[in-house]
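Asker: Take a look at the following structure, please.
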Amino acid sequence: MENFDMSGYEDQAINIAIQLGSAILIYLVGMMVARMVTGFVNRAMEKKGIEKTVSAFVGNIIHGLVVGLVLVIVLSQLGVQTASLVAVLGAAGLAVGLALQGSLSNFASGVLLVMFRPLKVGDFVDAGGAAGTVESVTMFSTVIVTPDNKQVTVPNTSVLSGPIVNYSAKPIRRVDLLVGVAYDADLAQVKKILADIVASDDNVLEGEEVTIAVKELADSSVNFVMRSWVKKENYWPSYFDQTEKVKLALDAAGISIPFPQVDVHFEKSA
């Protein structure tokens with residue numbers, strides 16, 4: 001019985017092991033390089049003063065491109081014909097692109113959000129049906145954290161397709177209060193009370209216009225508008241404080257604040 005020659009199989013197994021080991025090594029080094037390149041780009045953009053929103057978005061794109069290149073090199077090391085693979089991936093990419101038009105639209109919207117920057121990380125916005133602080137702008141979605149600490153992920157298309165109200169874009173905001181008093185109230189006295197409340201608010205900016213005036217003669221009340229300007233971070237403290245002081249001051253002066261009432265009359269039948 002002839003001896004079975006194993007030397008050819010051993011050489012082939014060694015070659016396969018070397019290829020597999022090289023592919024694994026290239027993959028591990030490639031992932032490390034991807035992280036290093038992404039980190040370097042992010043740090044470089046931060047040193048240049050580029051906003052975190054832009055640096056994070058660009059970093060994600062660069063990381064994806066480097067990882068894709070590493071995977072192509074790994075497949076080539078394993079003996080896969082990458083030229084034909086690229087052609088197949090191109091055709092598959094076209095089919096996937098047609099099937100994922102929404103995702104591509106979100107990606108394009110994300111690029112536009114980063115380019116034109118109607119919002120950035122840390123801004124308080126009302127966009128895409130959600131109101132809160134922008135936590136991140138990724139390639140496909142914008143993450144917003146609401147005031148009650150709920151995380152809302154909004155597709156970039158939804159953000160860009162509607163109005164974007166950015167409450168943090170300007171350094172100051174106007175506090176608007178509507179105060180209704182009874183028709184028999186002394187209007188001059190009411191105006192003085194409201195003016196004193198605004199003057200006592202340390203957050204109100206000096207030099208900015210303060211408006212206290214009769215806005216309308218409503219069905220059951222005379223409505224005053226009370227407007228003052230504060231720094232954006234002081235908006236809610238001033239809003240709440242002024243609202244409380246209005247109620248306390250009007251009560252102390254004996255001026256009533258009308259509220260809707262319904263009188264029900266019962267007729268006793270004979």
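Asker: What nm distance separates the two modelled labels at A199 and Y27, each placed 7 Å from Cα along Cα→Cβ?
Answerer: Using points 7 Å along Cα→Cβ, the separation is 7.6 nm.
Asker: Another question about this same structure. Give the shape of the range 153-270 as rounded, prolate or oblate, defined through the alpha-carbon gyration tensor: a ≥ b ≥ c are the square roots of its eigenvalues, a/c under 1.5 means rounded, and otherwise the shape is prolate if a/b is larger than b/c and oblate if not.
Answerer: Working: a/c = 2.93, a/b = 1.41, b/c = 2.07.
Oblate shape, in that a/c is at least 1.5 and b/c is the bigger or equal ratio.
Asker: Provide, as a two-decimal number, the C-alpha radius of gyration of the range 118-166 over 2.2 N^0.38 Å, N being how many residues it has.
Answerer: 0.95
Readers should treat all values here as calculations from the given coordinates under stated rules, not as data from a laboratory. Because the structure is a prediction, the values reported are computed rather than measured. Please note: Cβ atoms are built from the backbone with ideal geometry, for glycine as well, and neighbour counts cover all protein chains shown.
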